[in-house]
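A.B. asks: For reference, the structure I am asking about is given below.
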Amino acid sequence: MDKHGQLADFLQARRGLLRPEDVGLRTYGERRRVPGLRREELAMLAGISAPYYTRLEQGRSRNASPEVLDAIATALCLDGSERAHLHELARPPKRGRAAPRPRPEHVTPATSALLTALEGTPAIVMGRRSDVLAWNTQGHALFAGHLDRGGPAEPGTRPNMARMVFLDAHTRDLYADWPAKARAVVGNLRLTAGRHPEDPLLAGLVGELIIRSPEFAAMWADHRILACDVADYEMRHPTVGALTVTQQTVQSPQGSGPAVVIATAAPGSPSAAALALLAHAGEPSGAAPLRESTGSRPA
């Protein structure tokens with residue numbers, strides 16, 4: 001995933017999402033062959049030359065200043081997370097150093113202690129590629145009670161939350177508004193890909209999901225960015241029924257290490273009572289395979 005290729009794709013996709021009327025441009029009733037703003041219009045809105053913007057969008061220019069990037073971000077109506085992502089994609093790669101081989105991710109002692117302290121509250125530890133590195137009893141019961149409790153212990157058997165959201169019918173059925181959860185997963189993967197374009201394992205995950213899930217392929221293609229650190233989800237759990245939880249992600253600085261995802265509910269609410277029941281759900285009787293969603297194609 002070359003950063004400048006990502007930059008070109010990002011600019012093209014986001015320009016295509018804007019209509020002239022969205023940014024106050026008059027079209028005088030003309031018919032357009034393709035949707036979205038023209039390159040010349042976007043360049044005009046950003047206050048830069050059309051040839052320069054074209055070179056940038058085609059990946060032929062790699063020296064955009066922060067001021068130019070901010071002007072383009074404003075013209076594209078990007079929010080704060082999207083603006084930061086644009087700057088990340090445009091940052092020149094470090095020279096004279098080969099891309100390091102991905103190191104196995106693991107749970108640090110401090111994170112392990114945090115997970116233990118959270119026992120009684122659903123929590124999982126996720127790596128940057130959304131692999132589940134660890135979970136406590138309630139976290140396993142809430143998010144993946146149909147899977148082996150010991151799955152995260154070995155790198156080769158770790159569940160991956162992105163795969164589960166798109167390819168596992170059980171996980172898909174957990175979310176009443178599945179598209180919202182799916183968009184959050186894709187948005188966070190986009191941010192990670194911008195920070196770690198040299199990661200072959202991440203590229204492999206994205207490629208697999210594009211092939212196996214048409215929904216993922218469509219969401220990935222529109223280049224929307226979503227930094228989803230806190231979100232409310234209505235869940236339909238097979239054991240405790242309907243509940244609404246707030247999923248909060250506690251991330252290490254600069255996204256350099258594992259993140260802890262914690263699920264809570266309003267104190268005294270039926271959802272809080274449902275979460276308390278999960279603490280007594282016990283261990284599953286055995287491992288169950290991921291049941292593929294009918295919306296996905298086998299590889």
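A.B. asks: Quick check on my filter: what residues within region 133-184 are farther than 19 Å from E208 by Cβ and among the acidic types (D, E)?
C.D. replies: D148, E154, D173, D177
A.B. asks: Among the listed residues L174, L209, L201, L167, which satisfies the condition of being in contact (Cβ under 8 Å) with a residue 40 or more places away in the chain and closer than 25 Å to S112 by Cα?
C.D. replies: Result: L201 is the single residue among L174, L209, L201, L167 that is in contact (Cβ under 8 Å) with a residue 40 or more places away in the chain and closer than 25 Å to S112 by Cα.
A.B. asks: To continue, here is another question. Find the residue count for region 209-229, including only residues that are farther than 21 Å from A13 by Cβ and modelled with pLDDT of 90 or more.
C.D. replies: Residues in region 209-229 being farther than 21 Å from A13 by Cβ and modelled with pLDDT of 90 or more: 1 in total.
A.B. asks: State all residues of region 152-172 that are surrounded by fewer than 22 Cβ atoms within 10 Å (Cβ to Cβ), closer than 20 Å to H237 by Cα and small (G, A, S); if no residue qualifies, say none.
C.D. replies: The one that is surrounded by fewer than 22 Cβ atoms within 10 Å (Cβ to Cβ), closer than 20 Å to H237 by Cα and small (G, A, S): A169.
A.B. asks: Can you pull out every residue in region 49-78 that is open to solvent by 10 Å² or more (accessible area, probe 1.4 Å), within 20 Å of L17 (Cβ to Cβ) and in a loop (DSSP other than H, G, I, E, B)?
C.D. replies: Of everything in region 49-78, those that are open to solvent by 10 Å² or more (accessible area, probe 1.4 Å), within 20 Å of L17 (Cβ to Cβ) and in a loop (DSSP other than H, G, I, E, B) turn out to be Q58, G59, C77, L78.
The values are calculated or read from the model by the stated rules, or taken from the named source; none is laboratory data. These numbers come from a predicted model, not from an experiment. Glycine gets a Cβ as well: all are built from the backbone with ideal geometry, and neighbour counts include every protein chain shown. With ligands, DNA and RNA removed, areas are computed over all heavy atoms of the protein, side chains included. Shrake-Rupley method; radii C 1.70, N 1.55, O 1.52, S 1.80 Å.
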